[in-house]
Amino acid sequence: MFEARLAQGALLKKVVEAIKDLIEDANFDCNNSGFSLQAMDSSHVSLVALSLRADGFEHYRCDRNISMGMKLANLSKILKCAGNDDAITMKSEDNGDTITFMFESPNQERLSEFDLKLMDIDSEHLGIPEAEYDATVKVPSSEFQRIVKDLASIGDTVEISVTKDAVKFSTSGDIGSANIMCRQNKSVDKPEESTEIDINEPVALTFALRYLNSFAKATPLSPHVVLKLSKDLPVVVEYHIPDVGRLGFYLAPK
Amino acid sequence: KASQGRLESFFGPA
């Protein structure tokens, strides 16, 4: 049997809101080490990789490895019924055809249970090699969200170029062009506002803004986003979920 | 306009 209790149920709500427009359905894989998901969007241009560690849950039990197929829109409908301060417990029997979500309000006055039907989903997993990237950039997640939103009003694609002092986002379209530069700034007073660049090689790659805007829906999960770039490789856009795990997005370059 | 690659051209099956 699988049973996991997340005291901060809002985390799960935020994860699902961040990925539900990108992927339609996915298998959630559970084993001893945690709860994970890997899925590509329908055009196979981007990939979502979620991992929530077992020790990030208040209680975690998984007797056998299980894979639970869910339609994200349906999962989202159910999780929207959980309060933001609720604890969420997920339960499923081995070989069961449903997963139960139990929501508990902070004072335990309200307990609700929702069962979601599981489905069989054929999923292809990709092997993502551990790579050393040419450049790793850590920027405030709200800043990244604003940049990709603003640039999408001008163009369809963005060139991200990283040098040792700054990261530059550039686009152009019918009405004109734009570029936004963020300088390295290791703010000690306000660490949440810092921009940090770790570079082996200057790099410049172009990506579709539509996908980056979709990834930015994960902003509420983390104060920072980490971009990992290498020449001719998909970019990694990574949100670290404090004490629990990570939500990573991969996007093939143009 | 630059073409959009698919992820399979970068990563193999797991």
*asked:* Could you tell me which residue out of A:Ser112, A:Thr163, A:His240 lies farthest along the dipole of the range A:98-253 toward its positive end? Charges go on the beta carbon: Lys and Arg +1, Asp and Glu -1, centred on the Cα centre.
replied: A:Thr163
*Can you pull a Stokes-Einstein diffusion coefficient for the protein assembly as shown at 4 °C (1.567 mPa s), Rh from Kirkwood over Cα pairs, as a whole number of µm²/s?*
66 µm²/s
*Over the alpha-carbon set of the range A:169-231, divide Rg by the Kirkwood Rh and report the Rg/Rh ratio to two decimals.*
0.98
*What is chain A's relative contact order, in percent, from Cα pairs under 8 angstrom and six or more apart in sequence?*
21 percent
_Placing unit charges on C-beta atoms (Lys and Arg positive, Asp and Glu negative, everything else neutral), compute the dipole magnitude of the protein assembly as shown about its Cα centre in debye, rounded to 20._
660 debye
*Rounded, prolate or oblate: which fits the range A:1-45, taking a ≥ b ≥ c as square roots of the Cα gyration tensor eigenvalues, rounded meaning a/c under 1.5, else prolate when a/b beats b/c?*
oblate
_Eligible aspartates and glutamates near A:Lys186 by straight Cα distance, threshold 18 Å, same-chain separation 8 or greater_ = A:Glu143, A:Asp165, A:Glu196, A:Asp198
_Partners for A:Lys13 among aspartates and glutamates (Cα-Cα distance below 17 Å; same-chain residues under 8 apart left out)_ = A:Asp21, A:Glu24, A:Asp25, A:Glu58, A:Asp85, A:Asp86, A:Glu104, A:Glu113, A:Asp115, A:Asp243
*With 19 Å as the limit, write out which pairs from A:Lys80/A:Lys149; A:Lys20/A:Lys254; A:Lys138/A:Lys190; A:Lys14/A:Lys168; A:Lys71/A:Lys254; A:Lys20/A:Lys117 have Cα-Cα distances beyond it, or answer none.*
A:Lys80/A:Lys149; A:Lys20/A:Lys254; A:Lys14/A:Lys168; A:Lys71/A:Lys254
_Given the -39500 (n - 2.57) contribution per DSSP H run of 4+ residues, what per-residue ellipticity at 222 nm results for chain A, rounded to the nearest 500 deg cm²/dmol?_
-4000 deg cm²/dmol
*If we restrict to alpha carbons, what Rg and Dmax does the range A:40-136 come to, in Å?*
16.6, 52
*Take the alpha-carbon centre of the range A:135-153, take the same for the range A:189-225, and report the distance between them in whole Å.*
5 Å
_Simple label model, 7 Å out from Cα along Cβ direction - A:Ile180 to A:Ala204, nm_ = 2.0 nm
*Scattering from the C-alpha atoms of the range A:76-129 alone, worked out with Debye: what is log10 I(q)/I(0) at q = 0.21, 0.23, 0.27 1/Å?*
-0.81, -0.88, -1.04
*Under the Kirkwood approximation for Rh and a Cα-based Rg, what ratio Rg/Rh is obtained for the range A:97-227?*
1.12
*Got a sec? Charge dipole of the protein assembly as shown, +1 on Cβ for Lys and Arg, -1 for Asp and Glu; which of A:Ser51, A:Phe249, A:Ala87 is way out at the positive end?*
A:Phe249
_Of A:Glu24, A:Glu143, A:Glu132, the one that fluctuates the most in a GNM where chain A has Cα springs shorter than 10 Å_ = A:Glu132
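Since every read-out is calculated from the coordinates, none of them should be taken as a lab result. Keep in mind it's a predicted model, so treat the numbers as computed, not measured. Cβ atoms come from the backbone with ideal geometry, glycine included; neighbour counts cover every protein chain shown.
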